[in-house]
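Heads up, the thing below is written out as structure tokens.
The values are calculated or read from the model by the stated rules, or taken from the named source; none is laboratory data. Not measured: the values here are computed from a predicted model. Every residue, glycine among them, receives a Cβ derived from its backbone with ideal geometry; neighbour counts consider all protein chains shown. With ligands, DNA and RNA removed, areas are computed over all heavy atoms of the protein, side chains included. Shrake-Rupley method; radii C 1.70, N 1.55, O 1.52, S 1.80 Å.
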Amino acid sequence: MPAGKTMMRAMQCDGAGQPLHMTQRPMPQAGQGEIVIEVGACGVCRTDLHIIDGDISGKLPIVPGHEIVGRIISMADDVRGLSLGQRVGVPWLGHTCGQCFYCCSDAENLCDHPQFTGFTRDGGFASHVVADARYCFDIPERFSDAEAAPLLCAGLIGYRSLRMAADAQRIGFYGFGAAAHILAQIALWQGREIYAFVRPGDRQGEKFARALGCNWAGGSDEAPPVELDAAIIFAPVGALVPAALRAVRKGGTVICAGIHMSDIPSFPYHDLWQERSIRSVANLTRADGVEFFAAIEQVPLTTAIETFALGDANAALTKLLNGQIKGAAVLIPQDQQA
């Protein structure tokens, strides 16, 4: 541990519906297989809102944040393949058991006994964080810490969602925020057509989507100008599922990309008929991350970010909730010395 650093700072959630508060803690120590990271940036994800609002229940108190970029300042003796000072990224999936049916079937994202960063183990809304070394990723050098942070969830989950869309050419994105603005650039580079659905009346959101090259942008209450091969829903709004089903062609797929969604209202079987399908995305695998970071080395990808000081985490969450973030919100621990 670097000399002189005995305490760390963190924005802590004590209970559902309560604002985060700043706390000081002793500097963490790396356990078996772990590393300690000085956080350079941490993205603010809609999943953080679901955790803080109590939509999904995990460990409390908890330090949220699972889009972490930082440098290793200490590590356990048994860690291999990493070095002090190395920059790494920490995603949502923080640990798996390695023994259950899913872990043994190349589906560790569905592990029966997982740990999730910022949900069941403390995350990156902090100056420092402990991570399982096996679940961290190298970060492409061309991205700054703040630019890279949204890639660790918005990028990774978006990429897994895009893979579920298979060879779909015309894809609708419902909810054009952190994930969609990254995924749109990848999909457009691949030669696909992207149709962006934003909150009704959000002209700035429409303008943002068009500026990235989307073929069309409109409200989520509108029908697209063409039949879609697939639709990916990033917004946590269950009512968008029937709307997306009506927008996709026969045999099309609707992919629900969030960890939580409001209840899906009933809809006539006719909307699902003709071999349309609905799928959900759950977490990520380490193989997803390796593939994603290799893939974006070829894509002229940029991330639109708005940065906030660590102590302003509540303000960032409020802006995200109200749809006032263009792209992704990112927290910066401006003073690492507690």
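Annotations
- For the stretch 124-134, filtering for residues that are open to solvent by 10 Å² or more (accessible area, probe 1.4 Å) and not small (Gly, Ala, Ser) leaves 3.
- Some residue of the stretch 194-211 being among the aliphatic types (A, V, I, L, M), without any contact (Cβ under 8 Å) to a residue 40 or more places away in the chain and touching a Leu at 6+ places or on another chain (Cβ under 7 Å): yes
- For residue 185, the stated conditions hold: it is closer than 24 Å to residue 323 by Cα, at pLDDT 95 or above, surrounded by fewer than 24 Cβ atoms within 10 Å (Cβ to Cβ) and out of contact with any Phe, Trp or Tyr (no Cβ under 8 Å at 6 or more places or on another chain).
Yes/no matrix, rows are residues, columns are (1) loosely packed, with under 14 Cβ neighbours inside 10 Å; (2) more than 22 Å from residue 326 (Cα to Cα); (3) touching an Asp or Glu at 6+ places or on another chain (Cβ under 8 Å):
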residue	(1), (2), (3)
39	no, yes, no
43	no, no, yes
57	yes, yes, no
64	no, no, yes
104	yes, yes, no
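- Filter result (in a loop (DSSP other than H, G, I, E, B) and free of Cβ contacts under 8 Å to residues at least 60 places away in the same chain) within the stretch 32-59: 32, 54, 57
- Matching residues, the stretch 84-102, being open to solvent by 30 Å² or more (accessible area, probe 1.4 Å) and either aromatic (Phe, Trp, Tyr) or in contact with a strand residue (DSSP E or B) (Cβ under 7 Å, 6 or more places away or on another chain) (or both): 84, 85, 86, 95, 101, 102
Per-residue answers, yes or no, for (1) at pLDDT 95 or above; (2) among the aromatic types (Phe, Trp, Tyr); (3) more than 16 Å from the chain's Cα centre (by Cα); (4) open to solvent by 10 Å² or more (accessible area, probe 1.4 Å):
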position: 149; (1), (2), (3), (4): yes, no, no, no
position: 152; (1), (2), (3), (4): yes, no, no, no
position: 156; (1), (2), (3), (4): yes, no, no, no
position: 161; (1), (2), (3), (4): yes, no, no, no
position: 167; (1), (2), (3), (4): yes, no, yes, yes
position: 192; (1), (2), (3), (4): yes, no, yes, yes
position: 196; (1), (2), (3), (4): yes, no, yes, no
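- Scanning the stretch 264-292 for residues that are open to solvent by 80 Å² or more (accessible area, probe 1.4 Å), hydrophobic (A, V, I, L, M, F, W, C), over 13 Å from residue 244 (Cβ atoms) and touching a residue at least 12 places away in the same chain (Cβ under 8 Å) yields a single hit, 290.
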